[in-house]
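Trainee: Dropping a structure here in structure tokens format, bear with me for questions.
No lab work stands behind these numbers, since they all come straight from the coordinates. From a predicted model like this one, the values you see are computed outputs, not experimental measurements. Note that we place each Cβ from the backbone using ideal geometry, even for glycine, and neighbour counts take in every protein chain shown.
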Amino acid sequence: MEKDQRLGSSFLALSLLVFLLPALLVSTFWLLNTNQGNYQQFLAKTKIDYQSRLASTPVRLYQALPNSTGSVSFEVGVADARPVIIRQYLERYRSPLADYADHFFQISQKYDLDYRLLVAIAQQESNLGKKVPDNTHNAWGWGIHSRGTLGFSSWEEGIETVARGLRENYLNRGFVDLEQIAARYAPPSKESWAFGVGQFMKEME
């Protein structure tokens with residue numbers, strides 16, 4: 001009797017195994033196929049979204065001004081976004097230079113300067129043009145000497161003159177990071193000048 005019971009139990013276990021194993025295999029196969037299909041759909045959607053972004057957003061590589069640590073940095077950015085960043089920054093501080101955002105960008109491109117540099121220097125020197133000698137259009141403290149401050153006929157002339165001067169008298173002569181520029185641009189306060197300009201540039205990233 002005991003032997004028959006053992007045989008019966010073994011037969012029952014074998015029967016359950018025979019019926020359950022195929023069901024388990026089928027369920028596992030179905031789950032794998034379902035997840036694989038979902039994963040493939042996810043990859044396809046991601047690829048489409050990524051390609052559409054590339055098509056609608058041209059990415060350009062441009063050289064930035066060497067950073068304040070002395071190493072040359074390169075940035076990837078959308079060209080059309082940079083003048084908007086300049087304008088928003090100037091408007092946020094209620095600068096009289098806000099209408100010249102596009103000119104800032106164009107002149108920076110012309111002289112191969114970081115698009116933020118001229119604006120950051122103007123912030124450091126004159127609170128973005130709000131504290132300048134009357135009728136000078138000089139927001140950069142450019143050309144200060146014992147007889148007074150150099151004046152420009154317009155903001156456009158000031159932007160162009162300072163950009164050309166930075167390129168020809170600084171960067172082209174090896175003054176390539178903010179500390180080096182500050183040593184010549186504002187020698188009495190070179191550390192604070194370089195720090196301030198660097199911080200203002202970061203605000204426009």
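Trainee: Somewhere in segment 190-205, is a residue within 21 Å of Glu91 (Cα to Cα), under 25 Å from the mean Cα position of the chain (by Cα) and of a type in the set (Asp, Glu)?
Mentor: Checked segment 190-205: at least one residue is within 21 Å of Glu91 (Cα to Cα), under 25 Å from the mean Cα position of the chain (by Cα) and of a type in the set (Asp, Glu).
Trainee: Something else about it: For residues that are among the hydrophobic types (A, V, I, L, M, F, W, C) and farther than 20 Å from Ala98 by Cβ, scanning just segment 154-185, find the one that is farthest from the chain's Cα centre (by Cα).
Mentor: If we take residues in segment 154-185 being among the hydrophobic types (A, V, I, L, M, F, W, C) and farther than 20 Å from Ala98 by Cβ, then Ala183 is farthest from the chain's Cα centre (by Cα).
Trainee: Could you list all residues from segment 165-184 that are over 13 Å from Leu117 (Cα atoms) and assigned to a helix (DSSP H, G or I)?
Mentor: Within segment 165-184, Glu168, Asn169, Asn172, Arg173, Glu179, Gln180, Ala183, Arg184 meet the criteria.
Trainee: Something else about it: Quick check on my filter: what residues within segment 101-113 are in contact with an Asp or Glu (Cβ under 9 Å, 6 or more places away or on another chain) and surrounded by fewer than 24 Cβ atoms within 10 Å (Cβ to Cβ)?
Mentor: Of segment 101-113, the ones in contact with an Asp or Glu (Cβ under 9 Å, 6 or more places away or on another chain) are 101, 103, 107-108, 110-111.
Listed by number, the residues that qualify are Ala101, His103, Ile107, Lys110, Tyr111.
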